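Presented below is the structure to which this report refers.
The values are calculated or read from the model by the stated rules, or taken from the named source; none is laboratory data. This one's a predicted model, so the numbers in the text were calculated from it and none came from an experiment. Methodologically, a virtual Cβ is constructed for each residue, glycine included, from the backbone with ideal geometry; neighbour enumeration extends over all protein chains shown. Remember, those area values only see protein heavy atoms, side chains included, never the ligands or the DNA or RNA. Shrake-Rupley method; radii C 1.70, N 1.55, O 1.52, S 1.80 Å.
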Amino acid sequence: GAGAGAGAGAGAGAGAKGVKTRARDGDREGQNQGRRRRRRKKGGNTTQTPKKKKVKPKRLFEMGNYTDFEPLPWTLPKPTPMRYQTSEEFMADYIAAKRKRKIPLPWEQKEKYADAAVTLPLPIVSLNFPKSATLTMKSYFDCGGLTAIHTSTQDGRIGVCMMENKMEGRPPLDRCNTHKPRERDSEVVPIDFISDIGLQGPPCYYSSLHDGGLEHIAEHYSDATILLVTRNASTWFRSMSKWGTILHRWKKFCMFHGDLGHGGGRSMKYWSEMYDSHSTEEYWVNFYHAHTQKIREFAMKHLSMTYVEVELENKNMGKILEGYTRVSPSCVMDCHPGPKWVSQHNTTTGRCHPIGQTPPLKDKFLKSPVIEMQKDGDDDDDANAEDGEEDEDGDDDTEPVSDEETEE
């Protein structure tokens, strides 16, 4: 009897619930019909049109435009005593050579640069190799009040632009020498400083390595500034070795290991034999020093231009730079490439922070074996990074991963 009563009560309750549900459904349908009638009266559509995703226009200078590219000829000098000078020693010789020819040093022309952000002629072209403070220098000149661009402009990769302009006989930065800040109503401004301007391929192009690249800059910007930041070559090699596949690309697409099938004569034979007879680190350390020597020789032959060289590991680097640029040493920041470092640290300043003030790791990374493995005294990003150095021009227009990221 109790079961039957309970069943009857439950059935009645369910029936009442069903009536209420149907009533609510009827109310909703009536409301929807009312909305549709009102929209029809206003001439609106009864269905919403999905918003179209904004598609960025394709940039002019993309690495993706090149899938099959024949390596370009390159040369590096054999050793001379100049190669083994410190940056301070070479700069002393360079300044003495300028004085001997009575060529003014811009950082001593206080009246001429009284209203300028820096005491250097513009543009400033940084020829640092990847993993040699390219992002740090971009950050430094940003802080100093210049329009500083790293890797890409809003028109595409700087390296692609410079390579195509050289081939077409145009000035190196033609069509890629302006920037529009993000701020609304901002005006297009000229670019003052560029860094990370090489391409690991395809295509492969470095103004400081490939034949005629430096001369191309001097021809069109005879009073510009060349900047070179050097670092310990062995430390640089270890950093390069764990940064994606960049050294592999230098061999595969650039033939920087001295492949005899791509010209170069006796110079290429010299590098080919060295590659075969030396350890990998020894070869790339020599390659790095030869690159520095080539730029120094170029600076001595083109004294009308301004040349500045500093060493990254020099504890007085900020003060030395200030003597050349008038930019405060506090603008020298510790910068990290790629997005992974940012995701691992409690940072409020993005990828750059004051030297000696590394933000703490996030809790979930405190005991990570991968993080522990990376604590080798090098502030580079993770070992799994993509090739190259990530775009840092202040706008969300980075290259696709397939076109390579890049660095510090």
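When you scan the stretch 125-145, do you find a residue that is over 21 Å from Leu72 (Cα atoms), of a type in the set (A, V, I, L, M) and open to solvent by 60 Å² or more (accessible area, probe 1.4 Å), even just one? Checked the stretch 125-145: no residue is over 21 Å from Leu72 (Cα atoms), of a type in the set (A, V, I, L, M) and open to solvent by 60 Å² or more (accessible area, probe 1.4 Å).
Pairing residues of the stretch 138-163 that are within 11 Å of Phe193 (Cβ to Cβ) with residues that are among the charged types (D, E, K, R) and open to solvent by less than 10 Å² (accessible area, probe 1.4 Å), at Cβ distances under 6 Å and at least 6 apart in sequence or on separate chains, gives Ile149/Asp393; His150/Asp196. Might you let me know whether the stretch 147-163 holds any residue that is open to solvent by 10 Å² or more (accessible area, probe 1.4 Å) and either outside any loop (DSSP other than H, G, I, E, B) or of a type in the set (A, V, I, L, M, F, W, C) (or both)? No, the stretch 147-163 contains no residue that is open to solvent by 10 Å² or more (accessible area, probe 1.4 Å) and either outside any loop (DSSP other than H, G, I, E, B) or of a type in the set (A, V, I, L, M, F, W, C) (or both).
Report whether or not Gly244 is in contact with an Asp or Glu (Cβ under 7 Å, 6 or more places away or on another chain), farther than 17 Å from Tyr94 by Cβ and open to solvent by less than 60 Å² (accessible area, probe 1.4 Å). Answer is yes for this residue.
Residues checked against (1) crowded, with 19+ Cβ neighbours inside 10 Å; (2) hydrophobic (A, V, I, L, M, F, W, C); (3) part of a loop (DSSP other than H, G, I, E, B); (4) in contact with a helix residue (DSSP H, G or I) (Cβ under 9 Å, 6 or more places away or on another chain):
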site	(1), (2), (3), (4)
Pro171	no, no, yes, yes
Ile194	yes, yes, no, yes
Pro202	yes, no, yes, yes
Ser208	yes, no, yes, yes
Ile217	yes, yes, no, yes
Ile226	yes, yes, no, yes
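Of the residues that make up the stretch 270-279, is at least one under 21 Å from the mean Cα position of the chain (by Cα), open to solvent by less than 40 Å² (accessible area, probe 1.4 Å) and touching a residue at least 40 places away in the same chain (Cβ under 8 Å)? Checking the stretch 270-279: not a single residue is under 21 Å from the mean Cα position of the chain (by Cα), open to solvent by less than 40 Å² (accessible area, probe 1.4 Å) and touching a residue at least 40 places away in the same chain (Cβ under 8 Å).
Counting residues in the stretch 210-223 that are within 14 Å of Lys131 (Cα to Cα) and charged (D, E, K, R) gives zero.
To keep it simple, each residue is scored yes or no on (1) under 17 Å from the mean Cα position of the chain (by Cα); (2) free of Cβ contacts under 8 Å to residues at least 40 places away in the same chain.
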{"position": "Ser186", "(1), (2)": "no, yes"}
{"position": "Ile191", "(1), (2)": "yes, no"}
{"position": "Asp196", "(1), (2)": "yes, no"}
{"position": "Gln200", "(1), (2)": "yes, no"}
{"position": "Ala218", "(1), (2)": "no, no"}
{"position": "Thr225", "(1), (2)": "no, no"}
{"position": "Val229", "(1), (2)": "yes, no"}
{"position": "Ser234", "(1), (2)": "no, no"}
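Of the residues making up the stretch 90-119, those that are open to solvent by 80 Å² or more (accessible area, probe 1.4 Å) and touching a strand residue (DSSP E or B) at 6+ places or on another chain (Cβ under 7 Å) number 0.
Please verify whether Thr136 is more than 21 Å from Leu303 (Cα to Cα), part of a helix (DSSP H, G or I) and among the hydroxyl-bearing types (Ser, Thr, Tyr), treating the condition exactly as stated. So Thr136 fits the description; yes. When Thr80 is tested against (1) of a type outside the set (Gly, Ala, Ser); (2) open to solvent by 20 Å² or more (accessible area, probe 1.4 Å); (3) touching a Pro at 6+ places or on another chain (Cβ under 8 Å), exactly one condition is not met: (3). Evaluating Lys319 against the criteria (1) assigned to a helix (DSSP H, G or I); (2) open to solvent by less than 50 Å² (accessible area, probe 1.4 Å) leaves one unmet condition, (2). For the stretch 270-312, filtering for residues that are under 30 Å from Lys100 (Cβ atoms) and not in a helix (DSSP H, G or I) leaves 11.
The residues in the stretch 48-88 that are at pLDDT 80 or above, of a type in the set (Val, Ile, Thr) and within 24 Å of the chain's Cα centre (by Cα) can be counted, and the count is 1.
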